[in-house]
Amino acid sequence: MKNNNATEMTMTAHYPIIGKSKAVDNVRKLIAKFARTRNDIVIIGEDGVGKGAIAKNIHYQNSNGETDLPFVSVNLSVIDDKEMEAVLFGFERGAERLPYTSKRGIFEIANGGTVLIEELEEASFRNQMKIMTLLNERTTRRIGGTKSAPVDIRLVITLKDELKNLFERRKIIPELYEKLVEFEVISIPPLRERAEDIPLLVKYFVGEISRELGLGDIVIDINAIDVLVRQTWRENIRELKAVVDKSVLFSQGGRFTLPPELVDEKTEVVKMINNIVAGQEFILDRSLDMIERGIIERALDRFGLNQSKAAQFLGMTEQTLRYKLRRLGIASSHQRV
């Protein structure tokens, strides 16, 4: 392979940014640029596009790989808003409605390093005001405390939508919006808009899980890649990785095998023809079963799972259809009369 990995993933090995699209190349350039500064950053993108990996790349490149510089993250969408203030700022011993102990908040813990706040738009206006105060004063005070302590942190904030859109939808308070527009910005489009990145991501994830499970090399069929490229990936890289992991577990004989729900009869016909033209081996019976299963399921769906009508449409008896349902392992949801 040519030594062009710089166009495929970032240098931070544990949090690679993989792809060859213009969008990913631009993200790499911005990571390298912002890693040389201590500027605060907003990262914008849908769930699963890799916003956390981008933040970690910036932090660890900035710290020259030093692991003793703190990196602390919190996802506001999974924290009750009443608990959020305590998580962010900590609390003093005996503070009202809190445990009879003292605890540091993440801003205090991350002093000297980076705080990643994911999905800031999920915070209440009250907590947004407190975050804005932190940005203005660069100090933090625990709940129930009387003293403010200075903090030196880089703040990285992730949003699911453009800042202006969130502000117009009243998800971000005006005062905080005015602060956030001064941040550096990294936007990354969804995976469906950069399909050229999918083959590289698949190759990376297959290698990752294969090494983890000790499976050795796995051959990735170009037809499987074609199927994956055509998916919409609503949860982006996170969803793709889950499918790849499942496919590796399905694999037999060192060949990458897609889970049944992603393979239809059209895909299997194309795969058969391509394999014949290329002189590659394939299991004819398994391919024919997959094609037949897809045809029968579509016929049943067309006739509202009425087996009598589906059998007549397919030119077979109901008894033959029921036999095929059992033999092909067609889901029970397709077996109602």
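Rule-based calculations on the coordinates, nothing more; no lab input. Every value quoted in this text rests on a predicted model; they were computed, and no experiment measured them. Positions of Cβ are generated from backbone atoms using ideal geometry, with glycine treated the same way; all protein chains shown enter the neighbour counts.
Here are the numbers for this structure:
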{"read-out": "Other-chain or far-sequence residues with amide H under 5 Å of G113's (modelled H)", "value": "R154"}
{"read-out": "Subset of K51/K246; K20/K164; K241/K324 violating a 26 Å alpha-carbon distance limit", "value": "K20/K164; K241/K324"}
{"read-out": "Amide proton proximity set for V185, modelled H, under 5 Å, gap of 5+", "value": "V42"}
{"read-out": "Spin-label model distance (nm) - D245 vs S187, 7 Å beyond Cα toward Cβ", "value": "3.1 nm"}
{"read-out": "Stretch gain in nm, segment E92-R170, where the contour uses 0.36 nm per residue and the Cα spacing is subtracted", "value": "24.8 nm"}
{"read-out": "Linear extension gain, I225 paired with N111, 0.36 nm per residue minus alpha-carbon span", "value": "36.6 nm"}
{"read-out": "Cα-based shape type of the range 191-262, given that a ≥ b ≥ c are square roots of the gyration tensor eigenvalues and the cut on a/c is 1.5", "value": "prolate"}
{"read-out": "Gained length - Q252 relative to E137, 0.36 nm times residue gap less alpha-carbon distance", "value": "35.5 nm"}
{"read-out": "Taking R36, R298 and counting other C-beta atoms within 10 Å, the order from fewest to most", "value": "R36, R298"}
{"read-out": "Ranked packing of 105-118, 236-249, 299-312, most packed first, by mean Cβ within 10 Å", "value": "105-118, 236-249, 299-312"}
{"read-out": "Burial ranking of peptide ranges 38-49, 144-155, 218-229 (average Cβ count within 10 Å, highest at the top)", "value": "38-49, 218-229, 144-155"}
